[in-house]
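Take a look at the structure set out below.
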């Protein structure tokens, strides 16, 4: 029965058509996280629905699909008890061997500072021994990243907050959090010098809530303010890793958050997924909920020459089998991203959008009082809606003459 069902999945996947070859997929700076492929379908109220998957299998499958880069938390691949011991380097060496064997690069490493009970009060807890342990863990991840050839380190301070008000001093907690980032950057400078490599790009990832009720640094804007606060010893080494859904969760416009990060020169890494406003972190694959918004996001990034990674930070649905994770979920997620990226290029080159945009920039030529200026531009402003309609046409292929019979 299982083989029969898999054959059905394969046949219908092929019937969908429109897939890219692994060679084409490798042209894009797309990274596949260990945690996304190894996610077993568990949640707060839900038991796992899939079997565990090793990093060896994830790397092998990413190579087969054509995902060129791999990313990981430290504890995704190294047990907590093994970290900071000599035994961790045996695992790191085996990961490197597997990456080299399958032609993948490690693009990013990150430290798990949210799951283990030691982080119950965050990595910036009141207890100095916890903060000292956190600093060692962060510095250790930097060393692992250099050994694996990573370019980026990402920090998600998911427990940096509280469930009950008044329990912590927020200003002191932020200072302690800065101490951890400073320790990572200092170790990075030292290891990079020893190995003759560039330092990593350290990227902060914000989230408005969950698992804590109140997060102290909940948005990309908060992270940008933190970087500029004067608390960091090397602010030039620290940027942001916005996640599409994290900005959407609190009701914001991801494109606007990305624009502010671009203006600050701090948009270095981007987690891509999809979901819903004002709800939890469902981590649906890119383009399955908000494809038009995603097209707009990629138009912005292409227009401003973003060349950082696109990290597939999503969770295959609990209803997807282990087989389906690599046969359907990841290939289709990559292909939707590539299609939307190429559509964004079409939008930037589209003569209708170009002419409408230039006309709006020239203005109506009015002079004098406010009423006259408003009258001079009244008709031109209709072009805003026309541009939006044109983007929809590009999304569904109508700009190529596609129509639907009544």
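All of the numbers you see were taken from the coordinates with simple rules; none came from a lab. From a predicted model like this one, the values you see are computed outputs, not experimental measurements. Counting neighbours? That spans all protein chains shown, and the Cβs are built from the backbone with ideal geometry, glycine included.
Each label point is 7 Å from the Cα along the Cα-to-Cβ direction; what then is the distance between the points at residue 16 and residue 195, in nm?
Going by the 7 Å Cα→Cβ label model, 3.6 nm.
Just 231, 204, 267 to compare: in a GNM of the chain, with alpha carbon springs under 10 Å, which one fluctuates most?
With Cα springs under 10 Å in the chain, the top fluctuation among 231, 204, 267 is at 231.
What distance in nm separates the simple spin-label points at residue 127 and residue 43, each placed 7 Å from Cα in the Cβ direction?
Reported label-point gap for residue 127 and residue 43 is 3.2 nm.
Decide, for the stretch 39-156, between rounded, prolate and oblate: order the square roots of the alpha carbon gyration tensor eigenvalues as a ≥ b ≥ c, take rounded if a/c falls under 1.5, and otherwise choose prolate if a/b is larger than b/c, else oblate.
Note, shape of the stretch 39-156 comes out oblate.
With n ≥ 4 as the cut-off for DSSP H runs, can you work out [θ] at 222 nm for the chain, using -39500 (n - 2.57) per run divided by the number of residues, rounded to the nearest 500?
About -15000 deg cm²/dmol.
Find how many whole Å separate the alpha carbon centroid of the stretch 326-345 from the alpha carbon centroid of the stretch 133-168.
Distance between centres, Cα-based: 30 Å.
Shape of the stretch 351-400 from its Cα gyration tensor (a ≥ b ≥ c, root eigenvalues): rounded if a/c is under 1.5, otherwise prolate when a/b > b/c, or oblate?
Prolate.
Under the classification rounded if a/c is under 1.5, otherwise prolate if a/b is larger than b/c and oblate if not, where does the stretch 19-95 fall, given a ≥ b ≥ c as square roots of the Cα gyration tensor eigenvalues?
oblate
On C-alpha positions alone, give me the angle between the axis of helix 351-362 and the longest principal axis of the chain, in degrees, nearest 10.
Helix 351-362 sits at roughly 80 degrees to that axis.
Once both axes come from the Cα atoms, what is the angle between helix 87-102 and the longest principal axis of the chain, in degrees from 0 to 90, rounded to 10?
Compared with the principal axis, the helix lies near 40 degrees.
Would you mind computing Rg(Cα) / (2.2 N^0.38 Å) for the chain, counting N as its residues?
My calculation over the Cα atoms of the chain gives 1.07.
Report the label-to-label distance for residue 89 and residue 374 in nanometres (one decimal), using points 7 Å from each Cα along the Cα→Cβ vector.
7.2 nm
Taking the Cα atoms only, what angle lies between the long axis of helix 330-349 and the longest principal axis of the chain, rounded to 10 degrees?
Between helix and principal axis, roughly 40 degrees.
Assuming R0 = 51 Å, what is the FRET efficiency of residue 233 and residue 398, from their Cβ-Cβ distance, to the nearest 0.05?
0.45
Using the Kirkwood radius over C-alpha pairs as Rh, can you work out the diffusion coefficient of the stretch 252-371 via Stokes-Einstein at 4 °C, viscosity 1.567 mPa s, in µm² per second?
78 µm²/s
Specify the residue with the greatest mean-square fluctuation among 202, 116, 46, computed from a Gaussian network of the chain linking alpha-carbon atoms under 10 Å apart.
46
Roughly speaking, what is the centre-to-centre gap between the stretch 93-112 and the stretch 263-316 when only Cα atoms are used, to the nearest Å?
Spelled out, the Cα-based centre of one part sits 24 Å from the other.
Please figure out what share of the DSSP beta bridges in the chain is antiparallel and state it in percent, rounded to the nearest 5.
15 percent
Would you mind telling me which residue in 66, 366, 308 has the biggest mean-square fluctuation in a Gaussian network model of the chain, where springs connect alpha carbons within a distance under 10 angstrom?
Its mean-square fluctuation being the largest, the pick is 366.
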